[in-house]
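Undergrad: Here it is, the structure in full.
The values are calculated or read from the model by the stated rules, or taken from the named source; none is laboratory data. Keep in mind it's a predicted model, so treat the numbers as computed, not measured. Positions of Cβ are backbone-derived with ideal geometry, glycine not excepted, and every protein chain shown enters the neighbour counts. Just the protein is used for accessible areas: all its heavy atoms, side chains included, with ligands, DNA and RNA removed. Shrake-Rupley method; radii C 1.70, N 1.55, O 1.52, S 1.80 Å.
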Amino acid sequence: MFADYYFRSFPEDDGERSRNVEARNLFSHIDFVTLNRVKPQEIYITNLCNDQLTPAPRGKRVLITEEHALKGLSHIEWLLEQYPTIEYVLTMSLQTNYWLQKLGFYGDDEKFIEEAQPRRKGLEDMSAPFYQPVNGKAFESICGNIYNAKNHPVKVIPILAAKDYPLKGRNEELYTEAYEKIRNSFRK
């Protein structure tokens with residue numbers, strides 16, 4: 001993520017400009033979901049994995065190993081302890097939500113975990129491992145739900161990755177109702 005680019009002036013350099021646009025899309029996405037109740041300065045953004053991983057083959061998703069997911073979850077839990085005012089954890093991507101549920105951070109939906117787990121094909125790829133879920137539609141079953149974290153007083157809200165915002169095409173059909181459910185929770 002390039003969230004810090006949001007707070008910078010719009011750059012001249014093409015690479016810097018694309019990062020700035022990504023950051024703006026990320027914050028627009030969060031503004032939309034939360035009805036602008038959470039201000040950019042109040043947001044802490046991190047990845048589940050901030051380490052270098054083996055690049056995936058072209059067109060595939062990078063695989064976060066369980067070891068790296070455990071390390072990332074430990075970091076997230078440390079952040080929640082350090083910043084007890086955090087109320088929401090917005091979790092983006094199928095793989096991130098898979099690991100957070102599998103490792104016991106939130107939820108206990110065995111069907112979701114089974115469908116979101118990495119296929120053996122991606123795990124055993126000799127050129128480079130990659131993440132391919134058993135069922136690529138597994139995210140549909142959790143998006144729109146609001147969960148309680150198991151060991152922290154925060155709400156966990158699965159949302160699409162920032163690159164999928166604004167909703168359009170197939171995502172608009174699949175997730176408009178889920179997003180309205182989330183937005184309605186912020187109206188209260």
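Undergrad: Quick one: work out the % antiparallel among DSSP beta bridges in the chain, nearest 5.
TA: Of the beta bridges lying entirely in the chain, close to 50 percent run antiparallel.
Undergrad: Excluding residues on the same chain fewer than 8 positions from Lys168, give the aspartates and glutamates whose Cα lies under 16 Å from its Cα.
TA: Leaving aside aspartates and glutamates fewer than 8 places away in the same chain, those within reach of Lys168 are Glu140, Glu177, Glu180.
Undergrad: Same structure again: I want to verify the translational diffusion coefficient of the stretch 1-109 in µm²/s; compute it with Stokes-Einstein, Rh as the Kirkwood radius over Cα pairs, at 4 °C and 1.567 mPa s.
TA: In µm²/s, the coefficient rounds to 83.
Undergrad: Restricting the calculation to Cα positions, tell me the Rg (one decimal) and the Dmax (whole number) of the stretch 121-188 in Å.
TA: Rg, Dmax (Cα atoms, Å): 15.4, 50.
Undergrad: While we're looking at this one, here's another question. For the chain, what D do you get in µm² per second when you plug the Kirkwood radius from alpha-carbon pairs into Stokes-Einstein at 25 °C and 0.890 mPa s?
TA: It diffuses with D of about 140 µm²/s by this estimate.
Undergrad: Once you place label points 7 Å from the Cα toward the Cβ at Asn145 and Glu66, how far apart are they in nm?
TA: Those two pseudo-labels are separated by 2.2 nm.
Undergrad: Can you work out the accessible area per residue across the chain, with the rest of the protein chains kept in place, probe 1.4 Å, in square angstrom?
TA: 59
Undergrad: Compute the signed sum of charges (Lys and Arg +1, Asp and Glu -1) over the other residues within less than 11 Å, Cβ to Cβ, of Arg24.
TA: +1
Undergrad: For Lys71, list the lysines whose Cα falls under 24 Å from its own Cα; do not include residues on the same chain fewer than 8 positions away.
TA: By straight Cα distance, Lys71 reaches Lys60, Lys102, Lys150, Lys155.
Undergrad: Top mean-square fluctuation among Thr96, Thr85, Thr34, Gaussian network model of the chain, C-alpha springs under 10 Å?
TA: Its mean-square fluctuation being the largest, the pick is Thr85.
Undergrad: Kirkwood hydrodynamic radius of the stretch 87-127 from all distinct Cα pairs, in Å?
TA: 11.3
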